[in-house]
Every structure is written in C-alpha cells, then in structure tokens.
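To start, the structure itself, in structure tokens.
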Amino acid sequence: GQQVMQIPQYQHVQEGEDFTTYCNSSTTLSNIQWYKQRPGGHPVFLIQLVKSGEVKKQKRLTFQFGEAKKNSSLHITATQTTDVGTYFCAGALYNFNKFYFGSGTKLNVKP
Amino acid sequence: DAGVTQSPTHLIKTRGQQVTLRCSPKSGHDTVSWYQQALGQGPQFIFQYYEEEERQRGNFPDRFSGHQFPNYSSELNVNALLLGDSALYLCASSVGLAKNIQYFGAGTRLSVL
C-alpha cells in the first residue's frame, strides 16, 4: 500500500491567497524531502527535513516536520502565478535508502 | 556542468516489445535511481544503482531490470511491455547511499500501444 499520503489532491487559489499541502505517513520517517514539478516538467528539489519538529523557510515557503516524524507540511504565503505546479513530498524510512513519494498536490493560482 | 540527462525523450512501442532507457547522472554523482510516474501520480521507485550494483528495489516485476556502467551512467530495461507500462520514466542522481538530494532528469515518455 501507499506509504506516504498527501492531501489535498488539488487546490485552486486566487493570487495572493495562502496555500498548504500536508503529507502523512503511518510509519516514522528518517527524513522527508519536498519537490515541485511544473506542468510538463520534472521534479525539482525544494528542501530536506531531518530533525523532529524542524521548521525551514525559503522566502514565502515554510516547511515543517512533525514531532513524531510522521507528518510534514508545506505552506506558501501570498501565492503567485509562478507557484503553479504539483508539490510532492517524499519520505524515507529508516534502514531503507529509498524515497516514497506522495501523490502530490496540484496548485493552480488564478491571477 | 551538465545536469541529469535522459534519452530518448519520447518513445512509442507496442505490447510485448522490449525497451532500453538511458541516463547520465549529474557530474560528481555516483548513484542513480529510476522512477515510474504515471499520469497524475507521484513517482514510484523502481530501483537504485550504486557501484554498478542494484542496491534497493521497489515493488516492480522482474521485467524491469537495469545496469550501471563504470562511468556511473545507467540503463533501464523493460521486457514484454504491457499497456500499463506507459508512463514517464524518471532518472534521479545523487551522491552515495545516504538519503541525499536527488536531481531528476527530464524523463522519457514511454507510450505502449
């Protein structure tokens, strides 16, 4: 079964509104990565979180890793049309050197 | 500094045929992972190669096989193609076996008719 669940599947926002996508795992993760894939493109690495409760910021993007290392979130403040794309989380389990990708959240931003 | 390159970009095959996809990792990277991405889905891990050996494997049948060459480039082979094998095949390179940043290539779009 799917190791990493991601919600919502789609999100349509007006430019300037905020956006959040959530990632959940039934198993404790060793680390989690976030990627962005533009329409017709390939996944591009955004960030990696390793520590319990870790919070990292990149300009308007805020990434969080839960205390139990079973969930994570990506929050975008004041979306822009350049934020359009699908955002994926990818979690890795302890003792396994492979990443399980979520199904992604497709973000559409209306100008 | 070239990134991850994949060839071909597009491929059309018929059921039962065999296909070989190629990947050259980013300069300085020695690990290659292959993913299958069906339309509207997240990438699914196929396998990973390091030091010319398959190190990890996802839930894919033996029809999917691979190889890594001494220059770290890699091939993905799929035998006895099924309609369900139609997808975007992504190659990602990284350094070593630790869970490091993966750099993805643009992918090969495979259509099986």
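How much of the DSSP bridge set in the protein assembly as shown is antiparallel, in percent, rounded to the nearest 5?
Around 90 percent of the beta bridges assigned by DSSP in the protein assembly as shown are antiparallel ones.
Not counting ligands, DNA or RNA, and with a 1.4 Å probe, what is A:Tyr22's accessible surface area in Å² rounded to the nearest 10?
Its accessible surface works out to 110 Å², give or take rounding.
Rank these by accessible area, largest first, 1.4 Å probe: A:Ser30, B:Ser7.
Details: A:Ser30 15, B:Ser7 55 Å².
I get B:Ser7, A:Ser30, largest accessible area first.
Can you give the Rg to Rh ratio for the range A:45-98, taking only C-alpha atoms and Rh from Kirkwood?
Result for the range A:45-98 is an Rg/Rh of 1.00.
I'd like to know which of A:Phe101, A:Asn24, A:Gly66 lies farthest towards the positive end of the charge dipole of the range A:16-111, counting +1 on Cβ of Lys and Arg and -1 on Cβ of Asp and Glu.
Farthest towards the positive pole: A:Phe101.
Treat each spin label as a single point 7 Å out from the Cα along the C-beta direction, and report the A:Glu15 to B:Ala80 distance in nm.
Result for the modelled spin labels: 5.3 nm.
Computing the accessible area with a 1.4 Å probe over protein heavy atoms, can you report the carbon and sulfur percentage for chain B?
That share works out to 50 percent.
Could you tell me how far the Cα centroid of the range A:1-24 sits from the Cα centroid of the range B:1-53, in Å?
One Cα centre to the other: 27 Å.
May I ask you to give the solvent-accessible area per residue for the protein assembly as shown, in square angstrom, as obtained with a 1.4 angstrom probe?
I get 48 Å² per residue for the protein assembly as shown.
Report the charge-dipole magnitude of chain B in Debye, nearest 20, computed about the Cα centre from +1 at each Lys and Arg Cβ and -1 at each Asp and Glu Cβ.
Its charge dipole is roughly 380 debye.
Roughly how many Å² of A:His12 are accessible to a 1.4 Å probe, to the nearest 10?
Near enough 120 Å² of accessible area.
List the pairs from A:Lys36/A:Lys59; A:Lys106/B:Lys26; A:Lys57/A:Lys98; A:Lys69/A:Lys98 whose alpha-carbon separation is above 18 Å, in the order I gave them.
Values: A:Lys36/A:Lys59 15 Å; A:Lys106/B:Lys26 28 Å; A:Lys57/A:Lys98 25 Å; A:Lys69/A:Lys98 16 Å.
Pairs exceeding the cut-off: A:Lys106/B:Lys26; A:Lys57/A:Lys98.
In whole percent, and with a 1.4 Å probe on the protein chains, what portion of the accessible area of chain A is carbon and sulfur?
Of the solvent-accessible surface of chain A, carbon and sulfur hold 51 percent.
Quick one: putting +1 on the C-beta of Lys and Arg, -1 on the C-beta of Asp and Glu, what dipole do you get for chain A around its Cα centre, in Debye to the nearest 20?
Here chain A has a charge dipole of around 240 debye.
The values are calculated or read from the model by the stated rules, or taken from the named source; none is laboratory data. From a predicted model like this one, the values you see are computed outputs, not experimental measurements. Don't worry about glycine lacking a Cβ; one is built from the backbone with ideal geometry, like all the others, and counts go over all protein chains shown. Areas reflect the complete protein model, heavy atoms only, side chains present, ligands, DNA and RNA absent. Shrake-Rupley method; radii C 1.70, N 1.55, O 1.52, S 1.80 Å.
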